[in-house]
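The values are calculated or read from the model by the stated rules, or taken from the named source; none is laboratory data. Please read these numbers as outputs of a predicted model, since none were measured by experiment. As a convention, Cβ positions derive from the backbone with ideal geometry for all residues, glycine included, and neighbour counts pool all protein chains shown. Quick note on the areas: whole protein, heavy atoms, side chains included, nothing else; ligands and nucleic acids left out. Shrake-Rupley method; radii C 1.70, N 1.55, O 1.52, S 1.80 Å.
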Amino acid sequence: MSTTEARVAVVTGAARGIGAATAVRLAAEGRAVAVLDLDEAACKDTVEKITAAGGTALAIGCDVSDEAQVEAAVERVVRELGAPTILVNNAGVLRDNLLFKMSVDDWDTVMGVHLRGAFLTSRACQKHMVDAHFGRIVNLSSSSALGNRGQVNYSAAKAGMQGFTKTLAKELGKFGVTANAVAPGFIATEMTKATADRVGMGFEDFKAAAATQIPVARVGEPEDIANAVAFFTGEAAGFVSGQVLYVAGGPLD
Ligand code: NAP
């Protein structure tokens, strides 16, 4: 594939939030984007935003933790957009609770979406990247990978994403494929709004309280993360691999 041809990108969890901003950003850079999420209809807004700006996008309903659905989704991407050579593993869920109250289902659901999901999509897409001798995999980790009260499942999954990323970088580098992780701090999305709801705070107050702990004195927006992902997926980032970039408005303790 020549570098002037549009590369095909798959962004998971792209119906809203960070995934939607990332899909829009990659499309603005000329990528044809497969917008994956649990519910195909929910991907409509992201797809419309991309096509209204003159880009190419395809909505696909897919549970990333389901092997057959992931295989079918990637086959559909190949048929309708072309072979995917950019993959952003962004789909995510929270099932927060203190350890003594956490159910096995809370644990399995979080592991299933983040780790099993990233494994299944990466395995399904890698052959296309190897064939093209070009690939960019970006995995969404989190500042919670460093440990966060009430998130023993999520922090383990997000730390796992970092080990997964570094191993992909080592296995796939010789095929022209890089793998990197972006680890956001507090980003204003439905996910953080749900946390505010759960602790009984208004979202504006919740964001303002979070901002007092962030050196740049504001919370992040989905586009802040999309910008970092765009760097790692770029043609020029071929010598950057196996890295974890914390995008949190400052250093983390
Ligand atoms: P979000 O607004 O909750 O969006 C996540 C999207 O993923 C939703 O559209 C969700 O669909 C989808 N999804 C959930 N399970 C899925 C599955 N099994 N298969 C396919 N799609 C699935 O979250 P966000 O804040 O944009 O977060 C995006 C990523 O960044 C996540 O990996 C998250 O852990 C990470 N992150 C976020 C923050 C933050 O502060 N927001 C910080 C650090 C890391 P449904 O709506 O149907 O569930």
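Descriptive notes on the structure:
- Within the listed set 108, 96, 205, the residue fluctuating most in the Gaussian network model of the chain (springs between alpha-carbon atoms under 10 angstrom) is 205.
- Helices meeting the span-like rule in the chain (full DSSP H runs, Cα extent of at least 18 Å along the helix axis, mean Kyte-Doolittle score of -0.5 or higher): 67-80, 117-132, 152-172.
- When all protein chains stay in place and ligands, DNA and RNA are ignored, the 1.4 Å accessible-area order of 29, 80, largest first, is 80, 29.
- Estimated from the Cβ-Cβ distance and a Förster radius of 22 angstrom, the FRET efficiency linking residue 100 and residue 39 is about 0.10.
- Cα-projected label distance for residue 244 with residue 199, points at 7 Å along beta-carbon direction, nm: 2.2
- Computed on protein heavy atoms with a 1.4 Å probe, the accessible areas place 114, 133, 128 in the order 133, 128, 114, largest first.
- Other residues with beta-carbon under 14 Å from the beta-carbon of residue 144 carry, at +1 per Lys or Arg and -1 per Asp or Glu, a net charge of +1.
- Taking each DSSP H run with n ≥ 4 as -39500 (n - 2.57) and averaging over every residue of the chain yields -13500 deg cm²/dmol at 222 nm.
- Positive end of the dipole of the range 82-144 (Cβ unit charges, origin at the Cα centre): among 107, 132, 97, the Cα lying farthest that way belongs to 132.
- Within the range 155-253, trypsin sites (Lys or Arg not before Pro) in DSSP loop having at most 15 other beta-carbon neighbours inside 10 Å: 218
- The candidates 175, 239, arranged from most to least accessible area with a 1.4 Å probe in the full protein assembly, appear as 239, 175.
- Rolling a 1.4 Å probe over the protein heavy atoms gives the range 149-253 an accessible area of 50 Å² per residue.
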